[in-house]
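What follows is one structure encoded as structure tokens, with my remarks underneath.
Bear in mind these aren't lab numbers, they're just calculated from the coordinates by the rules spelled out. Note that the coordinates shown come from a computational prediction; the quantities given were computed from them, not determined experimentally. No Cβ is skipped: glycine too gets one built from the backbone with ideal geometry, and neighbour counts run over all protein chains shown.
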Amino acid sequence: MLARDAAAADAAATLIANRVDLDHPAIERRPAASLRDDSDLGDIPVTAAVGPLEPAAIDAALASGAAEAERMRRAGLIVAAALFCVAATAWSATSCCRGPAQGASRLAGPRS
């Protein structure tokens with residue numbers, strides 16, 4: 001995540017990551033407090049484990065997150081974002097970031 005400052009990057013990372021999500025039987029969720037005693041999330045379900053996911057499911061999760069990243073980039077809230085889900089990636093960047101994804105969101109990455 002690249003933003004004007006660390007606080008903006010942290011907030012954007014949380015919001016975008018929450019969009020890279022699936023309701024899928026291979027994803028195990030448990031209350032945050034059951035994984036860490038000192039969690040400030042209490043009983044909010046968090047991802048505890050991820051089993052095998054179909055490529056289409058991975059692409060759907062990344063597309064959702066990439067759309068949110070692009071919305072935030074166009075609104076000037078972030079400069080760039082890189083998203084990862086299993087072995088796939090997606091990104092959103094402006095012309096300040098050199099590479100194949102200049103100014104666009106794009107899905108890519110190997111499949112296992």
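In whole Hz and in residue order, list the ³J(HN,Hα) couplings for region 37-52 that follow from phi through the Karplus curve 6.51 cos²θ - 1.76 cosθ + 1.60, θ = phi - 60°; x for Gly and Pro.
4, 9, 5, 8, 8, x, 8, 5, x, 10, 6, 9, 7, 10, x, x
Which of Arg19, Arg4 comes first, and how do the rest follow, when ranked by fewest Cβ neighbours within 10 Å?
Arg4, Arg19
Could you please rank Val50, Val20, placing first whichever residue has the fewest other Cβ atoms within 10 Å of its Cβ?
Placing the least packed residue first, the sequence is Val50, Val20.
Modelled label-to-label distance, Asp23 and Val50, 7 Å Cα→beta-carbon offset: nm?
For Asp23 paired with Val50, the spin-label model returns 1.9 nm.
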